[in-house]
Amino acid sequence: SSIFAAVEMAPRDPILGLNEAFNADTRSNKVNLGVGVYYDDNGKIPLLAAVKAAEKARLEAMPPRGYQPIEGPVAYNQAVQLLLLGADSELIAAGRVVTAQAVGGTGALRIGGDFLKRLNPSAKVYISDPSWENHRALFEAAGFQVENYPYYDAATRGVNFAGMKSFLLGLDAGSVIILHACCHNPTGADLSDAQWAEVVEICRERGLVPFLDMAYQGFAEGIAPDAVAVNLFAASGLQFFVSSSFSKSFSLYGERVGALSIITASKEEAGRVLSQLKRVIRTNYSNPPIHGGAVVAAVLGSGELRQMWEDELAGMRDRIRAMRSGLVDAIKAQGVAQDFSFVIQQRGMFSYTGLSAAQVERMKDEFGIYAVSTGRICLAALNSNNIGYVAEAIAQVVK
Ligand code: PMP
């Protein structure tokens, strides 16, 4: 018999499964609010002008395609560090930051997980309840036991900070804590700056290992303000991990552009950490692909293209904000008594709407509007054409 005879069918990815159902739907007014992708007001994934300019220059230069260094090129890694820590960073100046280009934010989390497993094989990993669905699977795949820490409070639609704090205070030293640096996925509920400062102190007190996932830098308030958590940890003197993704901020999803940064205690330590991280990378995929990283480095390294990119990023951020308040207004205009104004306070691409699984099901069946069964919707999939229709559907199912 076949060597695969006993292979069981794996469960479908919940979000990709939603896409398949959406694609098969023949209704012309269907709307997909399930995916985590930014669409413009025409419902298209934008190709940013700054990216286009950098790609054009690369195409004209026709550079050779040799292997990259295992950790990626210096120019790219330095640009990543500057985005996270700012130009005045003492950590960068002291040579304490290790950065390696990675295959998207996902790849950064995975090489970080593999490195951590070698560092402390018996540690447990803690993710927020709820979290991006791949966090658990990624760290389990790296060999860790993964558990939740309290995070979202459905009653206040904010963070259950008291619960989170007391839970973190009870953890063993060496526990790895995955934190969403900004724009929490899926809830849109972030910690305040003061709460971040408390989390930093708890990590110090308890000897926890912070791992910040930065997948949406620039989508809440801007490049610098969205790095507040990273910078509080940087100022603390602690060692920590940061995964970066440029999938959303550069609209380069399929190019798989990300990075892992590790903040160490000294330049000498950074050298040793990098040497081990390179072994992890070498045995996973040897070295990172060229194109996406080169484009990002070119944009960030040129004053003109960087400004262009920041303006385009601000445009995406502002459009999402406009969709948030537009949706709240349109739902109200439908005569819905329930207050949806919390949608305006949530940050990033997503909102936990509070819609039940049954209400989400009705939206799909009766209106062809697809959302995640948890009630998560992607605001960046709304546009001036579909926002009224979506508001009407929400009004119908909550009445
Ligand atoms: N972390 C979070 C919180 C995310 O939402 C995502 C993307 N959905 C990622 C990491 C992974 O990003 P990438 O597509 O660059 O692998």
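Any read-out appearing in this document is the output of simple, stated calculations on the displayed coordinates, not a laboratory observation. Note that the coordinates shown come from a computational prediction; the quantities given were computed from them, not determined experimentally. Because the Cβ atoms are built from the backbone with ideal geometry, glycine has one as well, and the counts that use them run over all protein chains shown.
Around the Cα centre of the chain, unit charges on the Cβ atoms of Lys, Arg, Asp and Glu (plus for the first two, minus for the last two) sum to a dipole of about 680 debye.
Count the net charge of all other residues whose Cβ sits under 13 Å from the Cβ of GLN145, scoring Lys and Arg as +1 and Asp and Glu as -1. Value of the local net charge: 0.
When +1 charges are put on Lys and Arg Cβ atoms and -1 charges on Asp and Glu Cβ atoms, the dipole computed for the range 275-324 relative to its Cα centre reaches about 400 debye. Computed from the Cβ-Cβ distance with R0 of 35 Å, the FRET efficiency linking ALA162 to ALA61 stands at 0.05.
Restricting attention to the chain, close to 50% of DSSP beta bridges with both partner residues there are antiparallel. Annotation: amide H-H contacts under 5 Å for ASP41 (H modelled 1.01 Å from N, sequence separation of 5 or more, or interchain): none. The angle separating the long axis of helix 104-119 from the principal Cα axis of greatest extent in the chain is about 50 degrees.
Out of every Cα pair in the range 97-228, what percent are spaced more than 27 Å from each other? Of the Cα pairs, 14 percent sit more than 27 Å apart. Annotation: extensible slack from ALA194 through LYS30 equals 54.9 nm (criterion: 0.36 nm per residue apart, minus Cα-Cα distance). By the gyration tensor of its Cα atoms, with a ≥ b ≥ c the square roots of the eigenvalues, what is the shape of the range 284-337: rounded for a/c under 1.5, prolate for a/b over b/c, or oblate? The shape class here is oblate. Please list, by residue number, everything in the range 351-391 whose backbone N is under 15 Å from a paramagnetic label point 7 Å out along Cα→Cβ of ALA322. So the set is 380-388.
When peptides 15-22, 371-378, 310-317, 212-219 are sorted by average Cβ neighbour count within 10 Å, with the highest value leading, the order is 212-219, 371-378, 310-317, 15-22. In a Gaussian network model over the chain where Cα atoms closer than 10 Å are linked, find which of TYR352, TYR370, TYR285 has the largest mean-square fluctuation. It is TYR285. Taking label positions 7 Å along the Cα-Cβ direction at both THR283 and GLU20, the computed distance is 3.4 nm, reported to one decimal.
Among beta bridges from DSSP that stay inside the range 75-234, the antiparallel ones total about 15%. The listed peptides 149-162, 175-188, ordered by packing as a protection proxy, come out as 175-188, 149-162 (highest mean of other Cβ atoms within 10 Å first). Angle, helix 357-367 long axis vs. longest principal axis of the chain, Cα atoms, 0 to 90°, nearest 10? Value to nearest ten degrees: 60.
All C-alpha pair distances within the range 8-55, sorted into 5 Å bins from zero, spread as 5, 15, 18, 20, 15, 10, 11, 5, 2, 0 percent across the bins.
What does the charge count near SER192 come to, summing +1 for each Lys or Arg and -1 for each Asp or Glu among other residues with Cβ under 12 Å from its Cβ? Spelling it out: positives minus negatives among the neighbours equals -2.
With 0.36 nm allotted per residue and the present C-alpha distance subtracted, the SER236-VAL74 stretch has 55.7 nm of extension available. Under a GNM of the chain (C-alpha, springs under 10 Å), which listed residue has the highest mean-square fluctuation: GLY368, GLY66, GLY303? Result: GLY66 has the largest fluctuation of those listed. The angle between the Cα long axis of helix 14-24 and the longest principal axis of the Cα atoms of the chain comes to about 50 degrees, rounded to the nearest 10. Rounded to the nearest 500, the helix-only mean residue ellipticity at 222 nm of the chain stands at -14000 deg cm²/dmol, with each DSSP H run of n ≥ 4 adding -39,500 (n - 2.57).
For the chain, the number of Lys pairs with C-alpha atoms closer than 20 Å, counting only pairs eight or more positions apart or on separate chains, is 10. A straight chain from ASP172 to ASN120 at 0.36 nm per residue would run longer than the Cα-Cα distance by 17.5 nm.
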